[in-house]
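The structure appears right after this line, and notes come after that.
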Amino acid sequence: MRRGINPLIILVLILILILGMTGLVYFLPNRQAKAVVDSFYSYEQQGMFAESYALFHPLMKEKFEKGAYLQDRAHVFMNQLGSETFTYSLGDTDKIKDWKMEEDVEPLAVVYKITVTQNYKGKYGNFSIVQDVFAAKDDGEWRVLWNYQK
């Protein structure tokens, strides 16, 4: 008596294949870069500036001492803009090689650029800030950078 392949085995194999491919897509560098930028702005949106600061690349931490950053961000959003929070959206992810945060630093081999649009409703009306934000790996972790090139 000849037995065919069990349909349940085929279904399980298809599910494993789909999950494996989904996992590979999730771990692609451009998705990881975008995820860290998303986390950064999610923290900023919630006023969790210590958590967003922790996602900065070391080059950014050289520009801002942590305490000053925490105080400045809260002051700018709440006092200056008259807005307690904002919404944001992320654009496409573009890979850039040999990118420099500013002119006098060593280039980073690979960064990903994501355009971030922040939308505010404040005492001066509704407005948006559009900024290209960059993500690069540092010690195996994705970190956020801003552009300071002249």
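Can you spot a residue in the range 84-95 that is at pLDDT 90 or above, touching a Leu at 6+ places or on another chain (Cβ under 9 Å) and among the aromatic types (Phe, Trp, Tyr)? Among the residues of the range 84-95, not one is at pLDDT 90 or above, touching a Leu at 6+ places or on another chain (Cβ under 9 Å) and among the aromatic types (Phe, Trp, Tyr), which makes the answer no.
Determine, yes or no, whether residue 124 is of a type outside the set (Lys, Arg) and either farther than 18 Å from residue 43 by Cα or loosely packed, with under 15 Cβ neighbours inside 10 Å (or both). Here the answer is yes, as residue 124 does meet what is asked.
Can you find a residue that is surrounded by 14 or more Cβ atoms within 10 Å (Cβ to Cβ), among the polar types (S, T, N, Q), out of contact with any His (no Cβ under 8 Å at 6 or more places or on another chain) and without any contact (Cβ under 8 Å) to a residue 40 or more places away in the chain anywhere in the range 105-117? Taking every residue of the range 105-117 in turn, at least one turns out to be surrounded by 14 or more Cβ atoms within 10 Å (Cβ to Cβ), among the polar types (S, T, N, Q), out of contact with any His (no Cβ under 8 Å at 6 or more places or on another chain) and without any contact (Cβ under 8 Å) to a residue 40 or more places away in the chain. Of all residues in the range 43-60, those that are without any contact (Cβ under 8 Å) to a residue 12 or more places away in the chain and either in contact with a strand residue (DSSP E or B) (Cβ under 9 Å, 6 or more places away or on another chain) or among the aromatic types (Phe, Trp, Tyr) (or both) total 0.
So is residue 137 assigned to a strand (DSSP E or B), at pLDDT below 90 and surrounded by 11 or more Cβ atoms within 10 Å (Cβ to Cβ) or not?
On the way: assigned to a strand (DSSP E or B): yes; at pLDDT below 90: no; surrounded by 11 or more Cβ atoms within 10 Å (Cβ to Cβ): yes.
No: the conditions fail for residue 137.
Residues that are among the aliphatic types (A, V, I, L, M), closer than 16 Å to residue 144 by Cβ and surrounded by fewer than 17 Cβ atoms within 10 Å (Cβ to Cβ) within the range 53-69 comprise just one, 54. On the given criteria, is residue 88 within 20 Å of residue 43 (Cα to Cα) and hydroxyl-bearing (Ser, Thr, Tyr)? Yes. Taken together, 113, 121 contain a single residue that is closer than 19 Å to residue 34 by Cα, assigned to a strand (DSSP E or B) and among the basic types (Lys, Arg), which is 113. Filter the range 39-52 down to the residues that are crowded, with 16+ Cβ neighbours inside 10 Å and under 12 Å from the mean Cα position of the chain (by Cα) and list them by number. If the condition is that a residue be crowded, with 16+ Cβ neighbours inside 10 Å and under 12 Å from the mean Cα position of the chain (by Cα), then 39, 40, 41, 43, 44, 52 are the ones that fit. Taking the conditions (1) polar (S, T, N, Q); (2) over 20 Å from residue 31 (Cα atoms); (3) touching an Asp or Glu at 6+ places or on another chain (Cβ under 8 Å) in turn, residue 128 satisfies each one other than (3).
The values are calculated or read from the model by the stated rules, or taken from the named source; none is laboratory data. Only a predicted model underlies this, so the values are computations on that prediction, with no experimental measurement involved. Glycine also receives a Cβ, built like all others from the backbone with ideal geometry; neighbour counts cover every protein chain displayed.
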